[in-house]
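What follows is a set of notes on a single structure, which appears directly below.
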Amino acid sequence: FGIDTMHFGLLMTINLGIGYCTPPLGVSLYISGATVDRNLLYVSRSVIPFLLIQVGILMVLTYWSDLVLLLPRLVYG
């Protein structure tokens, strides 16, 4: 399909990281909520700005693949 595996691997890793921090299955939300003794709704609202930043970075890396592949191309040729 013409997909570079390094680009796909990075995007998949970032997507998994975003999924790890989003409700209803965000394991890190439950752990951090239990640590600070807050409910899931409070923790979910607190993480929204960080999720927006992560989604913005994901969009940049998705559509600007030359930025993602710059270092591997310099190292491996």
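For this structure, a couple of remarks:
- Leading residue by the ranking (nearest to Thr62 (Cα to Cα)) among those in segment 14-34 that are open to solvent by 70 Å² or more (accessible area, probe 1.4 Å) and modelled with pLDDT of 85 or more: Asn15
- Residue list for segment 34-77, restricted to those being of a type in the set (Phe, Trp, Tyr) and part of a helix (DSSP H, G or I): Tyr42, Phe50, Tyr63, Tyr76
- Subset of segment 1-13 that is part of a helix (DSSP H, G or I) and in contact (Cβ under 8 Å) with a residue 60 or more places away in the chain - its residue that is most open to solvent (accessible area, probe 1.4 Å): Met6
- Any pair with Cβ under 9 angstrom, 6 or more apart, that starts in segment 49-77 at a residue that is closer than 11 Å to Leu11 by Cα and ends at one that is of a type in the set (D, E, K, R): Ser65/Asp4; Val68/Asp4
The values are calculated or read from the model by the stated rules, or taken from the named source; none is laboratory data. Since the structure is predicted, the reported quantities are computational estimates derived from the model, not experimental observations. Ideal geometry is used to build each Cβ from the backbone, glycine not excepted, and the neighbour counts take in all protein chains shown. Note: areas computed on protein heavy atoms with side chains; ligands, DNA, RNA excluded. Shrake-Rupley method; radii C 1.70, N 1.55, O 1.52, S 1.80 Å.
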